[in-house]
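Here is the structure we will look at, set down as C-alpha cells.
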Amino acid sequence: MNLLRFGDIRRGKDSSDRVGQFMLVSYIILFLLFLVLPLGSLISKSLQNKNGEFVGLANYNLYLQEPALFQSLYNSLFVAISSTIIVVILAFLFSYALTRTCMPFKGFFKLIALIPLLSPSILAAIALVYWFGNQGVLKEVLLGKSIYGPIGIIMASVYWTFPHALIILTTSLSLSDSRLYEAAEVLKTSKLRAFFTITIPGARYGIISTAFVIFTQVFTDFGVPKVIGGNYNVLATDIYKEVVGMQNFQMGAVISMVLLVPAMIAFFIDRYSRKKQISLLTSRSVVFKPKKHFKVDMIMLAFCSALALIIILMIGMAQYGAIVKFWPYNLNLTLKNYNFEVAGLGWDSFYNSVRLAFYAAVFGTIIIFVGAYLIEKLRINEGTRNVVQFFALMPMAVPGLVLGLAYIFFFNAKDNPLNFIYATMIILVVNTIVHFYTVSHLTAVTALKQMDKEFESVSLSLKIPIYKMFWRVTLPVCLPPIFDISIYLFVNAMTTVSGVIFLYSYDTTLASVSAIHLDEQGEVAKAAAMAMLIVYVSIAVRLTHTVITKKVLRKTQAWRYNIIDTN
Amino acid sequence: MEFWLKLNIFDELNFVNFMTKHKNNNMYLEVKNLSKSFGNFEAIKNIDIDIKEGEFVCFLGPSGCGKTTLLRCIAGLETQTAGSVIQKDIDISHKPPSNRDFGIVFQSYALFPNLSVFSNISYGLINNKWKKVDIKRRVDELLDLVNLSEHALKYPSQLSGGEQQRVALARALATSPGLLLLDEPLSALDAKVRVFLRKQIRDLQRKLGVTTIMVTHDQEEAQTMADRIFVMNEGKIIQSGTPSEIYTKANSPFIASFIGSMNFISAKIDSSKKVKCNDIEINCDTGSFGENDSVQLAIRPEEIYFQKENQDDNVILATIKEIEFLGSFQRVYFESKSFTNDLIIVDVPSANARKIKLANHAEMNLYFSKQDARIYSK
C-alpha cells in the first residue's frame, strides 16, 4: 500500500533500536486496546441481538427496512454535499485572494477566518438561532422557511468547517511555480486561460482533498444538527437517539457502521490526493509573487470583507446572546448567564474541560511525538513499523461519535479488565488523544523528516546513545511543531462534542456537552455563555502560544534566526 | 593557507599514542567476502579488501555502484548479508556502530543545527566523561586545526558549506578514532572550495596518520587524495591500485573511460596480428587477442601528438572539425574516416596550441606511440 511507505532508514541496528522496537510493540498493544478492539466490539455489537446472540446481518436488514432511518442517510448526504460545495467555493476564492492577489489587509483576513477554529461547532448553530430562529433578528430573510433544519445545518457547518478548508487550500495554492505563469505570459496566454490551465490544475488535489475532509466533517458532525436540526434527522443524531434515547445499542452500532464507511472512503481518497500534491512542487520551483491588479484586488477585498463580517457577526451574536438578560424582550446586559448553578451544573464542567484539554495536550504530545520519532528514525522491524504507521493514520477515518460508541461497548463490558477507566477522566483523555492522533502524528512526521537522516548515525559513531541525542538535538529543534501539536490537541479537546458525548459521566461533564444540554433545556443564553467560555480559553491558549513562540522559543531556536551574515 | 602549517604542532602526544597503539600489524582493516542485499537487489557482492595502517583509500565508482553501502557496512550502519569485517585482528562484523572505532563525515555534514560549533565538536567528548577543562582544550586544538577558532560560538547555519564540512571533520576526529570514514565529503561544495579542501583533508590525514576511507564518484578527487583506489561498478571491485596504476593500466574499457577521458576506436585483429581500424593498420601490443577478434583500441586524448617522437609511432591523417577552449588546454576534435567513424579527441596544452595555430578544417598528422595504445575486448 502506497500510503504506508516511509523514509528510508538504512542505519545499522543498535541497542537503542532494540529498545525502540520494544516501545513500538507497546504502541501496537495500546492501539489494539484503544482503537482496534473497541471498533471490533462495535462491529460485533452490530451483528448481535439484544441478548448478545449472534444474528448475522439481521440488524442491517432491519435498518434497510426502516424508511425513517434511511431518510437520515439521505439527509446526512444532502447536508454534507451541499456544505462541501459551498465551503470549497468560498474557501477557494478566499485563499486565492490571500495567496494570488495583492489585496490589502491579508493578515487581518487570515486571522478572522481562523476564528471558527476556536469554538465548538455548536456555537455557530446557537448564533444562527439568535439571528434567524423563531425570535431571531433576521427571521424574515428566510421567507418563512425555518432555520431549524437543513438550512441551519448547512449554514452552521459552512461556518465551522470554513477555516479547515482554508488551511488546506491556502497551502495548496501557495505551492505554485511562478515560472509556469511567466511561460504562459510569454506565450501570450490570457489571464483567464492561465487560471483554468495552470491555477486550477495545480490546486486540483488540494481541492479534492478539501472536499473530502469537509464532507467527512459535516457528515459525521453531531453538535450542529443536534442544536439546529429540529426534526431534520441525520445519521449522527440518529445514533444518539438510538443509544441515549432508546437504549438500542445494536441499532446504534449499525448506524455507526453506515457512518464509518463513507468516512473511510473519503479518508483514503484524501490521503491519495495529498500524496499527489506533494510531488507537484520541486525544490527548484520559483515561488509565485502576485502582481497588483486593481480591479481583481478590490473585488477580492469586497468578497473577503463580506465573509469576515459574517464571521464576526456570528461570533459577535453568540457573545451578545450570552450577556443579554432575556432575549429578545430584555436586552439589558448581564453576566448572570455565566452562573450555571441555576441549571444545576455549576462551573465544574468547564473546569473538567480544561483539565481534559490539559491532560490530552501534555500526554498526547509526548506519546504522539515519541511514536513518530520511533517510526521515523529508529531501525526497527519493517512489519512493526508498518502496523504502527497504519494505526497512526486510522483514527482520522473514524468519526468521533463512532469511536465514542465503540469505547462504551468495549470498556463498559463487565469482563473487561480495563473496565475501571469507564466513566472516568482517563477514558476521556484516551479517547481525545486517539481521536486527534492522526493530524498530530503527521505534523510530527513532517518535522522529523526535515531533520538530517544521518544525525542518528553520527551520534552512534561518537558513542552517544540515541536517547541523549533525542533530548539534546531532536527535541529542541522540533519545539515549534511540538507546541503546534499540543495547541491542536488542547483546542480540539476543549471544543469536541462528538468524541465525548457518550463517555462523560456525572463527575466528568464537559463544557461542550453541557452547552448542548443547556440548549436542549431551552437555556440558549447559558448555552451560548458556555460555548463562549470555550472560546475565551482557546483564545487565551493561542495568545500564550504566540507569546511563547516569540519570547521563549527565541532562546532555544536562536540558531534559526541567525542567518549567514554577509562578512 | 598558513593554518595547515600548524599541523606540525598539533597534539603531538596524541599522535604518538596513536602510532604506538596500532603499530604491530600491517593490515588495519580487512573486509572478507562481504555481500549486502536489499530485498532482491544485491548492492555489493563478495567484496575483499585489505587496508594498511595509516593508508588513505578511496572507493570510486558511479552512483549506485555500492560504494556507500560498503562504507556503511564497515561502519556498522548497515548489516551485511554475508562476509566479515576485521579491524585490527578483531572481528567486528556483528558489533553495533556504537561499539566500533571510527569517525564519520557525511556529504550533508549532519551538523546539529541547534548546537554551536563548539558544542558540535565536543558532542562526542562529553559522553566519554572528559573533564570540562580537557574538553575545552581538545576542542580548541581541533578548531585551531581546521582554522575555525573564531567561529567557535557560531551556529552551523552561520557558516559557509566548506566551513561546515570542516566542523564535521573536527567533530569526527575529536575522539581520536582509529578509522576515519568520509562519505562523499566534498560533493556538496562548489568547485573551488572542493579543490581547496581536498588538499587540506589529505594533509591532515598524513599528519595524523589516521587510516581513512573516502567514498567518491569524482575520479579527480580520488586520484589527488588517495594512496590506493578501489574502483567499483555494479557492486563489485573491478580494479584496485595506486592512482597512477589505475590511470595507466586500466584493466577494462569501463575504468579507462571513467578515469580520465579516452578515445575508443573499434577495430579487428588481422592475420598479421596487427590492429585494423577501418583501413589503417595500427602498431601495438595485441596481447592475448587472436586473429579476427573484435577489439577496441584506446588512446588517451593527451597521448596524441602532432610530431613524431619515436620511429615506430602510428600516424593518422585527420581534419580538425571543432576546437573547444578549456583554459589550460584545448580539446580538438579530429575526423579521419579511414581510421574511425567517430571523432578523435586530442587534448593540446594551450601554450602549444598557440604555437601551432590550430584552425578548423586544417589537415594534420596525428601521432601516438605503440606503448600508449591499449586494446580491450569489445
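Against the numbered list (1) within 22 Å of residue A:438 (Cβ to Cβ); (2) open to solvent by 60 Å² or more (accessible area, probe 1.4 Å), residue A:336 comes up short only at (1). Taken over the range A:457-481, the criterion of being open to solvent by 20 Å² or more (accessible area, probe 1.4 Å), more than 7 Å from every other protein chain (Cβ to nearest Cβ) and in contact (Cβ under 8 Å) with a residue 60 or more places away in the chain is satisfied by A:465, A:467, A:470, A:479, A:480.
Filter the range B:142-166 down to the residues that are open to solvent by 20 Å² or more (accessible area, probe 1.4 Å) and either part of a helix (DSSP H, G or I) or away from chain A (no Cβ under 11 Å) (or both) and list them by number. Within the range B:142-166, B:144, B:147, B:149, B:150, B:151, B:157, B:158, B:161, B:163, B:164, B:166 qualify.
Would the range A:221-237 turn up any residue that is assigned by TED's automatic domain parsing to the domain that holds residue A:122, under 19 Å from residue A:58 (Cβ atoms) and within 21 Å of the chain's Cα centre (by Cα)? No, the range A:221-237 has no match at all. All of (1) modelled with pLDDT of 90 or more; (2) assigned to a loop (DSSP other than H, G, I, E, B); (3) open to solvent by 70 Å² or more (accessible area, probe 1.4 Å) hold for residue A:145 with one exception: (1).
Residue-wise test of (1) assigned to a helix (DSSP H, G or I); (2) open to solvent by 50 Å² or more (accessible area, probe 1.4 Å); (3) touching a Gly at 6+ places or on another chain (Cβ under 9 Å).
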{"site": "B:204", "(1), (2), (3)": "yes, no, no"}
{"site": "B:212", "(1), (2), (3)": "no, no, yes"}
{"site": "B:215", "(1), (2), (3)": "no, no, yes"}
{"site": "B:224", "(1), (2), (3)": "yes, yes, no"}
{"site": "B:238", "(1), (2), (3)": "no, yes, yes"}
{"site": "B:247", "(1), (2), (3)": "yes, yes, yes"}
{"site": "B:250", "(1), (2), (3)": "no, no, yes"}
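When every residue of the range B:96-109 is checked against the conditions, none turns out to be within 24 Å of residue A:466 (Cβ to Cβ), outside any helix (DSSP H, G or I), in contact with a Leu (Cβ under 7 Å, 6 or more places away or on another chain) and away from every other protein chain (no Cβ under 12 Å). Applying a threshold of 7 Å to beta carbon distances and a minimum spacing of six or more residues, or different chains, the list of pairs starting in the range A:191-202 at a residue that is touching a residue at least 60 places away in the same chain (Cβ under 8 Å) and ending at one that is surrounded by 15 or more Cβ atoms within 10 Å (Cβ to Cβ) and of a type in the set (S, T, N, Q) reads A:202/A:176.
Checked against (1) polar (S, T, N, Q); (2) closer than 19 Å to residue A:110 by Cα; (3) surrounded by fewer than 17 Cβ atoms within 10 Å (Cβ to Cβ), residue A:178 passes all but a single condition, namely (2). Here residue B:315 fulfils each of the conditions (1) crowded, with 17+ Cβ neighbours inside 10 Å; (2) among the hydrophobic types (A, V, I, L, M, F, W, C); (3) within 16 Å of residue B:364 (Cβ to Cβ) apart from (1). Return a yes/no flag: does the range A:183-202 have any residue that is closer than 15 Å to residue A:269 by Cβ, in the same structural domain as residue A:293 (by TED's automatic domain parsing), in a helix (DSSP H, G or I) and open to solvent by less than 50 Å² (accessible area, probe 1.4 Å). Scanning the range A:183-202 turns up no residue that is closer than 15 Å to residue A:269 by Cβ, in the same structural domain as residue A:293 (by TED's automatic domain parsing), in a helix (DSSP H, G or I) and open to solvent by less than 50 Å² (accessible area, probe 1.4 Å). Since residue B:180 meets every condition but one in (1) more than 11 Å from chain A (Cβ to nearest Cβ); (2) at pLDDT 95 or above, which condition does it not meet? Condition not satisfied by residue B:180: (1).
Only residues that are open to solvent by less than 10 Å² (accessible area, probe 1.4 Å) and part of a helix (DSSP H, G or I) were counted in the range A:99-129, giving 10. Please work out which residue is most open to solvent (accessible area, probe 1.4 Å), limiting yourself to the range B:124-141 and to residues that are at pLDDT 90 or above and in contact with an Asp or Glu (Cβ under 9 Å, 6 or more places away or on another chain). It comes out as B:141. Among the residues here, residue B:302 qualifies as under 28 Å from the mean Cα position of the chain (by Cα), surrounded by 15 or more Cβ atoms within 10 Å (Cβ to Cβ) and of a type in the set (Asp, Glu). Assessment of the range A:253-260 against the conditions (closer than 16 Å to residue A:399 by Cβ, assigned to a helix (DSSP H, G or I) and touching an Asp or Glu at 6+ places or on another chain (Cβ under 6 Å)) yields at least one matching residue. Take the residues of the range A:513-567 that are modelled with pLDDT under 85 and hydroxyl-bearing (Ser, Thr, Tyr): which is surrounded by the most Cβ atoms within 10 Å (Cβ to Cβ)? Step by step, filter the range A:513-567, then rank; the result is A:549. Checking each residue in the range B:63-93 for being facing chain A (nearest Cβ under 10 Å) and surrounded by fewer than 18 Cβ atoms within 10 Å (Cβ to Cβ) picks out only B:79. For the range B:173-192, the criterion of a residue being open to solvent by 20 Å² or more (accessible area, probe 1.4 Å), farther than 21 Å from residue A:468 by Cβ, hydrophobic (A, V, I, L, M, F, W, C) and in contact (Cβ under 8 Å) with a residue 60 or more places away in the chain is satisfied by at least one position. Considering the conditions (1) more than 25 Å from the chain's Cα centre (by Cα); (2) assigned by TED's automatic domain parsing to the domain that holds residue A:110, residue A:335 is excluded by exactly one of them, (2).
Going through the range B:328-362 one residue at a time, which ones are of a type in the set (Asp, Glu), more than 22 Å from residue B:279 (Cα to Cα) and open to solvent by 70 Å² or more (accessible area, probe 1.4 Å)?
At the first step, the residues of the range B:328-362 found to be of a type in the set (Asp, Glu) are B:335, B:342, B:347.
So of that shortlist, the ones also more than 22 Å from residue B:279 (Cα to Cα) come out as B:347.
Passing the criteria: none in range.
Of the residues A:410, A:350, the single one that is under 30 Å from residue A:269 (Cβ atoms), open to solvent by 10 Å² or more (accessible area, probe 1.4 Å) and either of a type in the set (Val, Ile, Thr) or in a helix (DSSP H, G or I) (or both) is A:410. If you go through the range B:125-141 and keep only what is part of a helix (DSSP H, G or I) and basic (Lys, Arg), you end up with B:132, B:136, B:137, B:138. Scanning the range B:97-123 for residues that are open to solvent by less than 10 Å² (accessible area, probe 1.4 Å) and over 18 Å from residue A:463 (Cβ atoms) turns up just one, B:117.
The values are calculated or read from the model by the stated rules, or taken from the named source; none is laboratory data. All figures in this text were calculated on a predicted structure; none of them were measured in a lab. Please note: Cβ atoms are built from the backbone with ideal geometry, for glycine as well, and neighbour counts cover all protein chains shown. SASA here: full protein model, heavy atoms, side chains in, ligands and nucleic acids out. Shrake-Rupley method; radii C 1.70, N 1.55, O 1.52, S 1.80 Å.
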